[in-house]
Amino acid sequence: MASAENEFVYSKINFGEPQPAVNRPEVIIGVVSVFLILAWLCCFFRLYIRLWIVRAAGLDDLFVVLNMVCSSPAIGRKTKVADMVMQVTITAGCITTCIVSLVLTSAKSFYVMFATYACSAAFIKLALLFQYRRVFPRESTMHKVVIYLIIFTSLWGTVYGLMSWIPCFPISDYWNTDAPDKHCYGFGAHHPKAFLATFESHTAVNMILDVILLVIPGFLLWKEGGTRSGQLRLLSLLMMGVCVIALAAWRLQTIIEHQAATWPTRDPTWYGPISIVLSALEVLSASICASIPIFWPMVSEGWGKIFVTQEVKVTRETRYFDDDDEDALTNNAHSRSGSNVSQVSKGGNSKDKSSHYRDTYILRQVDPLHGTEERGVHVTATPSPEQERGKWTKL
């Protein structure tokens, strides 16, 4: 617990607390690794589309790659933190000096995680802003707003990035507990108030920028010429953005609750894992949201080729046979010699050409808009006069 003299104090006051659910190596490694793999897959798909398909890579792609490069070593350090969490759990009944030694040996891991997170948070926001810059027309008001946000985010990321990478002079004083007269500030401050203020201010500004980045694409929902399917896709992305903001807000709540793992005692390996996991999920989820709009149209098109649905409409046409057709059928049945045309011409009275186009079947071939539709097949055969004369009756 932080004393009245503004110095960190290590104690065993929290030895009786139940173990938090996230303070398990399998939870930390499992959850973070799944999101890391998904984020890298989305990043690869994005680069494939931008570099080899459309050949239109930009600064937004560069910042997505930088975000992933910074996130990966941080995940490795989170694995080490998971190992330390396991050691703390095993030695929960140990004396205070045992816990203190574990905390001190974790200083380098926390140094790398803080620095890479500060850079990753700035890189992914710049990637989204440069992506928005492509969408809005150059003369529009939203384009100017995006430019101002790029400048502000760059300054914010630079300031906190320097504070995280150079927390002490020299840097080794951050993890060297024997160094006298340490000159540290920000993330390396040895005063609880300054240390907590650095974390809270960075997380608060980070969450505000997340909200702004979520609001900007909302204007595209009412863009003229937008299709309903496009609006639904954009709405889905906005819902994913809401999840990212929820993670950032949750992380801010955990930092305030335990005062950046310094209250009721300074114990980063006990109070820090929840904030560490949430920071990783926040950055990786934002990276996934930034990459999905780039490669999803290609994926959906290929998905449609795999699962093809064809509709087959079966209709029945009614064909009424008249005398000439009956003669042709009769002649064909009795004789196979000669052509069908000659056989029909040898029959009874030939039909007028105008009456030929009154046939329902013929009308539907000539006039596709013909609205008459008959159901069933009706065949009527009427014997011709020649057939009547050819009949004889035995008396």
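Bear in mind these aren't lab numbers, they're just calculated from the coordinates by the rules spelled out. Predicted model, so just to flag it, every value in this text is computed and none were measured. With ideal geometry, Cβ positions are generated from the backbone for all residues, glycine too; neighbour counts draw on all protein chains shown.
The residues packed around A290, meaning those with a beta-carbon under 14 Å from its beta-carbon, carry a net charge of +1 if Lys and Arg are +1 and Asp and Glu are -1.
With K and R counted +1 and D and E -1, the other residues having a Cβ less than 10 Å from that of I150 yield a net charge of +2.
Restricting the calculation to Cα atoms, segment 7-61 yields a radius of gyration followed by a Dmax of 21.0, 59 Å.
Please give me the summed charge of the neighbours of A57: other residues whose Cβ is under 15 Å from its Cβ, Lys and Arg +1, Asp and Glu -1.
On the way: positive: R46, R50, R55, R133, R134; negative: D60, D61.
Residues near A57 contribute +3 overall.
Under the √(5λ) rule applied to the eigenvalues of the Cα gyration tensor, what semi-axes describe the equivalent ellipsoid of segment 144-198? Give them in Å, descending. Before the final figure, lay out each step's value.
Working: eigenvalues 181, 27, 6 Å².
Equivalent ellipsoid of segment 144-198: 30, 12, 6 Å, largest first.
Label sites at R24 and Q231, each approximated as a point 7 angstrom past Cα along Cα to Cβ, lie 4.5 nm apart.
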